[in-house]
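Asks: Quick one: the structure is below, and I'll ask about it shortly.
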Amino acid sequence: MGVDTKTLDRICELSRIEIKEENKQDVISKLDNVIHWMDSLNEVDTSKVEPLVNVSSLFGSAPWREDKATGGNKVEQVLKNAPSQMEEHFLVPKVVE
């Protein structure tokens with residue numbers, strides 16, 4: 001599966017990023033390389049590898065951190081990149097009737 005301009009435009013729309021027209025072919029090329037690399041992983045024989053349920057079981061238990069609030073009250077910074085907002089909330093399109 002290759003990435004074409006229409007697919008890239010859709011990806012940009014969904015992720016709300018803008019790519020200049022002169023950079024689109026470069027981005028398409030890079031995405032194609034990633035997809036081809038991922039496809040090559042399908043060629044690896046994993047028939048003798050047991051499924052991994054939890055990565056942390058390989059390394060023992062994960063370290064715990066103190067449960068305390070840090071760096072809060074940054075409403076303006078959080079909402080700065082929101083496509084739509086009202087007061088201190090994100091506005092999202094209605095998806096369920």
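Asks: Taking interchain pairs and intrachain pairs at least six residues apart, which have beta carbon atoms under 6 angstrom, with the first residue in the stretch 22-51 and free of Cβ contacts under 8 Å to residues at least 60 places away in the same chain and the second in a loop (DSSP other than H, G, I, E, B)?
Replies: Partner pairs satisfying both residue conditions: 27/19; 28/3; 31/3; 32/2; 32/3.
Asks: Going residue by residue through the stretch 6-21, is there one that turns out to be over 24 Å from the mean Cα position of the chain (by Cα) and free of Cβ contacts under 8 Å to residues at least 60 places away in the same chain?
Replies: no
Asks: Pairs please, first residue from the stretch 59-87 and without any contact (Cβ under 8 Å) to a residue 24 or more places away in the chain, second anywhere and of a type in the set (Val, Ile, Thr) and open to solvent by 90 Å² or more (accessible area, probe 1.4 Å), Cβ atoms under 8 Å, 6+ apart in sequence or on different chains.
Replies: 84/92
Asks: Separate question: Is there a residue in the stretch 1-18 that is out of contact with any strand residue (DSSP E or B) (no Cβ under 9 Å at 6 or more places or on another chain), farther than 30 Å from residue 82 by Cβ and aliphatic (A, V, I, L, M)?
Replies: Yes.
Asks: Something else: Looking at (1) farther than 30 Å from residue 14 by Cα; (2) in contact with a helix residue (DSSP H, G or I) (Cβ under 8 Å, 6 or more places away or on another chain), which is the only condition residue 44 fails?
Replies: Tallying (1) farther than 30 Å from residue 14 by Cα; (2) in contact with a helix residue (DSSP H, G or I) (Cβ under 8 Å, 6 or more places away or on another chain), residue 44 fails exactly one: (2).
Asks: Pick from 27, 78, 96, 53: which is under 30 Å from residue 3 (Cβ atoms) and of a type in the set (A, V, I, L, M, F, W, C)?
Replies: When all the criteria are applied, what remains is 27.
The values are calculated or read from the model by the stated rules, or taken from the named source; none is laboratory data. Note that the structure is a prediction, hence the values are computed from the model and not measured. Positions of Cβ are backbone-derived with ideal geometry, glycine not excepted, and every protein chain shown enters the neighbour counts. Areas reflect the complete protein model, heavy atoms only, side chains present, ligands, DNA and RNA absent. Shrake-Rupley method; radii C 1.70, N 1.55, O 1.52, S 1.80 Å.
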